[in-house]
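Notes for the one structure printed next.
A short reminder: the numbers here are calculations on the coordinates, not readings from a lab. Source: prediction; values computed, not measured. Because the Cβ atoms are built from the backbone with ideal geometry, glycine has one as well, and the counts that use them run over all protein chains shown.
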There are 2 protein chains.
Amino acid sequence: MKEDKDTRYMREALKQAEEAFSKDEVPVGAVIVYKDKIIARAHNQIKTLKDPTAHAEMIAITQAASYLQNERLNDTTMYVTIEPCSMCMGALILARVKRLVYAADDKKAGACGSVINLSDKQELNHRIKIKRHILKEESKRLIQEFFKKKRNKIRFSLN
Amino acid sequence: MKEDKDTRYMREALKQAEEAFSKDEVPVGAVIVYKDKIIARAHNQIKTLKDPTAHAEMIAITQAASYLQNERLNDTTMYVTIEPCSMCMGALILARVKRLVYAADDKKAGACGSVINLSDKQELNHRIKIKRHILKEESKRLIQEFFKKKRNKIRFSLN
């Protein structure tokens, strides 16, 4: 069976998350699509860049703005493997991203309803359409595997 | 009379805001202080970089993390001429900035109480001490002057 577009693009975001995993970064990946074309691909690089703002979503937004030569990303869709945090949702709103598709919820920091909901703040002047839980299990499994590996490493280093 | 530290550092942030103004950017400036030393100075560069994430605060956080070679900015204070938006407050929380001092409120997008309040979200795992309205009038004047100039330009171009 042919997969729908949202699932196909989310697979590309998952590939980015796997890339982060291979670099020992929390595995989160994002892509941005404009007119049926991927114009940005990024993964979490906090440790690599020693930069707390280097979330996958932020890097993807900067890439897409550079590609479009415009600080407004009208008519774009972001696919990200985890529910964005407040920083990233704030950036998506500033960038006027039209649609957001995410995989797994983030119960600790998610800003699309899990901890806070920035997506429906009328005062913020721009609302983003949200679709949740596309390839949710795949994304969760990757994150769980990452933290299991981390814990084992710590246990090993304590022995 | 000698000015207190907060006022002196805010003057440095205001200098950055003036720098933004001179480049035709919305005049917002920020500095980050660690152990009584300015380790980051930045101004809004959205238009210059064509990047919706290029707020003064974001650039300053990246600079400070690079200076400290650490993605956690423990024991730092940020001085910024306008109340941070959701993106920037999210970033300040992720970066574990200890203290935030800002000048003027942002009634349209401020995330320290004006539109939303991210500073006291217990779920977000880190709280930032906030001091408001240091050199508020100076910052407001600069912003008002900027938008007055913009409006005049538009009026002129319509004639």
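Roughly what % antiparallel, to the nearest 5, for the DSSP beta bridges in chain A? Walk me through the intermediate numbers first.
On the way: 12 of 20 bridges.
Rounded to the nearest five, the antiparallel share is 60 percent.
Starting from the Cα gyration tensor of the protein assembly as shown, take the square roots of the eigenvalues, sort them a ≥ b ≥ c, and report rounded, prolate or oblate (rounded when a/c is under 1.5, otherwise prolate if a/b is larger than b/c, else oblate). Oblate shape, in that a/c is at least 1.5 and b/c is the bigger or equal ratio. Shielding value for A:111-117 is 3, the average number of Cβ atoms from other chains within 10 Å of each residue's Cβ.
Its residue count N fixes a reference of 2.2 N^0.38 Å for region B:16-94, and the Cα radius of gyration divided by that reference is 1.02.
Normalising by residue count, chain A has a Cα convex hull of 115 Å³ per residue. Amide H contacts of B:I82: B:G29, B:A103, B:A104, each under 5 Å away and 5 or more positions distant or on a separate chain (H built 1.01 Å from N in the peptide plane; Pro and chain starts excluded).
Please give the net charge around B:K121, taking every other residue with its beta carbon less than 15 angstrom from that of B:K121, where Lys and Arg add +1 and Asp and Glu add -1.
Values: positive: A:K107, A:K108, A:K121, B:R96, B:R127, B:K129; negative: A:D106, B:D120, B:E123.
Every neighbour counted, the sum reads +3.
Computed over chain B, relative contact order equals 19 percent, with contacts defined as Cα pairs under 8 Å that lie 6+ residues apart. Bridgeable lysines around A:K35 (alpha carbons under 26 Å apart, same-chain partners fewer than 8 residues away excluded): A:K2, A:K5, A:K15, A:K98, A:K129, A:K131, A:K136, B:K47, B:K50. A Förster distance of 22 Å, applied to the separation of the beta-carbon atoms of A:K15 and A:H133, puts the FRET efficiency at 0.75.
Can you give the net charge of the other residues whose Cβ lies under 11 Å from the Cβ of B:C88, counting K and R as +1 and D and E as -1? Before the final figure, lay out each step's value.
Working: positive: none; negative: B:E57, B:E83, B:D106.
For residues surrounding B:C88, the net value is -3.
Under 15 Å from the Cβ of B:I38, count the other residues' Cβ atoms, weight Lys and Arg +1, Asp and Glu -1, and hand me the total. Let's see the in-between values first.
Details: positive: B:K5, B:R8, B:R11, B:K15, B:K35, B:K37, B:R41, B:R99; negative: B:D6, B:E12, B:E19, B:D36, B:E57, B:D75.
Local net charge: +2.
When the Gaussian network model of chain B links Cα atoms closer than 10 Å, the mean-square fluctuations of B:R127, B:R141, B:R99 top out at B:R141. Distances between equivalent label points of A:I38 across the copies, with each point positioned 7 Å along Cα→Cβ, amount to 4.3 nm, shortest listed first. Seen against the Cα atoms of chain B and their longest principal axis, helix B:136-158 is set at about 30 degrees. Between the helical axis of B:5-22 and the longest alpha-carbon principal axis of chain B there is an angle of about 40 degrees. Using all Cα-Cα distances in region B:71-159, what percent lands in each 10 angstrom bin from 0 up to the longest? Bins of 10 Å from zero give 17, 42, 24, 12, 5, 0 percent of pairs.
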